[in-house]
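Below: one structure, written as structure tokens.
The values are calculated or read from the model by the stated rules, or taken from the named source; none is laboratory data. Because the structure is a prediction, the values reported are computed rather than measured. Ideal geometry is used to build each Cβ from the backbone, glycine not excepted, and the neighbour counts take in all protein chains shown.
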Amino acid sequence: MEKRLRLAPSPTGLFHIGTARTALFNWLYAQKIGGKFLIRIEDTDFLRSKSEYTTNILEGLKWLGLKWDEEPVKQSDRISIHKNYIKKLLECGAAYRCFTTENEISELREEQKKKGLPPKHDNRHRNLSKADIETFISQGKTSVIRFKIDENIKITWVDQIRGEIKWQGKDLGGDLVLSRRSLGYEIGDPLYNLAVVVDDNFMNITHVVRGEDHISNTAKQILIYKALDFKLPIFSHTPLILNSEGKKLSKRDCVTSIDEFRDMGYLPEALANYMAFLGWSPKSSEGEILSLDEISKFFDLSDINKAGAKFNWEKLNWINSQYIKKMELIKLSKIIQRYWDDMSWKPPSQEWAVKLAILLRDSMTVLKDAIDQSKPFFLLPPIEKEGQDFLENKDSKASLKLILNYLIHQNTVKLDQEKAKAIINEISKRHNVKKGILMKSLRVAFFGCLSGPDLVQSWELFSESKSDISRIERCLITD
Ligand code: GLU
């Protein structure tokens, strides 16, 4: 039988890292077992669902490289089918109309609260007669459809991540609401637990992999599966992603949507690679920098941890920097170029842009670092305190004068790295100046401080953009 997995996002917000990781685990497992990865957009919460969010989720999946195998199913297209199944449950006596009003429910909650009990419906309308129903309806009362949950029923399943899970009917909050309120004999809009079962059955889903916050829903859904005589899929519940304090990662943790990660300059391959290890520890150690295809070969749901997975920025940054380092240079320089375009910075040539990309790639953590790190190559940086202090040292200005004289008299048109090294060596030897002083002085001239990227490589770039001489001169201006 074909193995079929799905992601069933609700388009009520931007593509969230938690949903992305669930998608990734589904995708990896589908690859591993030679199955299909499908999408169902659960857009029946009409107040909160937006088509922009659907687009954002699908774009995000594509960006991460998680291709799906069939046209996505839209849950809202299937409402009449869901209602037919509710009708079926009503007809066979597994469900019933419940006229309890919102006020009555609030009163019940209050009473339960006072007694320290968890909220639970008291199933008061489970056995209404036809005549009672008729009366309520003629009084214009609205009703929901409730699914009967036997207090004594035991629900057990083998979860691929957590092993055997047991629930009892009495812990499921009373009879389950299947549809929103409606008037007369109408059936209101179907709710999540009913729709998800009907749709997973329709899509022939064999494996349901979703977050652990759905465990109690699974217990309820298993009862619906049985009542409708549907074949049960295999369930797996993944651990939640936690922030550094061990709490569920939320909007308050600043970055939660995949767009934000992309905008900060994380590469899709790096983010996907990182997310795979977020809660999953492979049995064998194959290294940590792996493509999704490589991971899918030895990925297994049974190696996913039960405990929540702490989001670790350091690890993500490290993985991203590794991907930047091994990125094809032309591709990297094109990406960097986009940041420069935003800043209206123009490189003197394509070749220069590639050379700068080579210089920067080893120190970049995220692509956005390209802005800060390439800034001194486009804009003259001020001389910082440490630079000024260094220039107070008499040898430093003297060194800069020697370099300046050399450049002017030799009329060095194009200076490459070899030539730059040779100049430093020659001046050092001829004038008996320490190479360290020469280099630090140049660094202050170029960058305004004592730190920065490789000096010789940088000099080549400053020479090509014709700003090395002027940068040296500005340090000597007061002399
Ligand atoms: N729409 C549900 C959610 O986004 C789907 C849960 C499921 O996978 O069944 O949480």
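Summed over segment 238-262, residues that are surrounded by fewer than 16 Cβ atoms within 10 Å (Cβ to Cβ) and assigned to a strand (DSSP E or B) total 1.
Based on what the data block shows, is Gly188 under 21 Å from Lys148 (Cα atoms), in a loop (DSSP other than H, G, I, E, B) and away from the ligand (no atom under 16 Å from the Cβ)? When the stated conditions are applied, Gly188 passes them. Working only within segment 128-171, note down all residues that are among the aliphatic types (A, V, I, L, M) and touching a strand residue (DSSP E or B) at 6+ places or on another chain (Cβ under 9 Å). Correct list: Leu128, Ile133, Ile137, Val144, Ile145, Ile149, Ile153, Ile155, Val158, Ile161, Ile165.
If you check Ser244, Ser236, Ser182 for being within 16 Å of the ligand (Cβ to nearest atom) and either touching a residue at least 24 places away in the same chain (Cβ under 8 Å) or among the charged types (D, E, K, R) (or both), only one passes: Ser236. Between Ile224, Ile215, the distinction of being crowded, with 22+ Cβ neighbours inside 10 Å and part of a helix (DSSP H, G or I) belongs to Ile224 only. Contact annotation: residue pairs with Cβ atoms under 8 Å, 6 or more positions apart or on different chains, pairing a residue in segment 272-283 that is in a helix (DSSP H, G or I) with a partner that is of a type in the set (Gly, Ala, Ser), are Ala272/Gly65; Asn273/Ser291; Met275/Ala20.
Being out of contact with any Leu (no Cβ under 8 Å at 6 or more places or on another chain) and farther than 27 Å from Asp189 by Cα is the filter; apply it to segment 1-30 and report the residue that is nearest to the ligand (Cβ to nearest atom). For segment 1-30, the residue satisfying everything is Lys3. Here Phe235 meets each of (1) crowded, with 19+ Cβ neighbours inside 10 Å; (2) among the hydrophobic types (A, V, I, L, M, F, W, C); (3) touching a Leu at 6+ places or on another chain (Cβ under 9 Å) with one exception, condition (3).
When the criteria are applied in full, Ile224 fails the requirement of being closer than 20 Å to Gly279 by Cβ, touching a residue at least 12 places away in the same chain (Cβ under 8 Å) and more than 9 Å from the ligand (Cβ to nearest atom).
Please enumerate the residues belonging to segment 175-214 that are over 21 Å from Asp45 (Cα atoms) and in contact with a strand residue (DSSP E or B) (Cβ under 8 Å, 6 or more places away or on another chain). Matches in segment 175-214: Asp175, Asn204, Ile205, Thr206, His207, Val208, Val209, Glu212. A search for C-beta distances below 7 Å between a residue of segment 206-217 that is closer than 11 Å to His237 by Cα and any residue that is within 8 Å of the ligand (Cβ to nearest atom), counting only pairs 6+ apart in sequence or on different chains, returns Val208/Asp200; Val209/Thr22; Arg210/Thr22; Gly211/Thr22.
The combined condition, being in contact with a helix residue (DSSP H, G or I) (Cβ under 6 Å, 6 or more places away or on another chain), modelled with pLDDT under 95, surrounded by 13 or more Cβ atoms within 10 Å (Cβ to Cβ) and in a helix (DSSP H, G or I), is fulfilled by Ser333. If the condition is being over 30 Å from Thr135 (Cβ atoms), in a helix (DSSP H, G or I) and in contact with a helix residue (DSSP H, G or I) (Cβ under 9 Å, 6 or more places away or on another chain), then segment 160-185 contributes only Asp171. Any chance segment 38-50 includes a residue that's more than 13 Å from the ligand (Cβ to nearest atom) and in a helix (DSSP H, G or I)? No, the conditions are met nowhere in segment 38-50.
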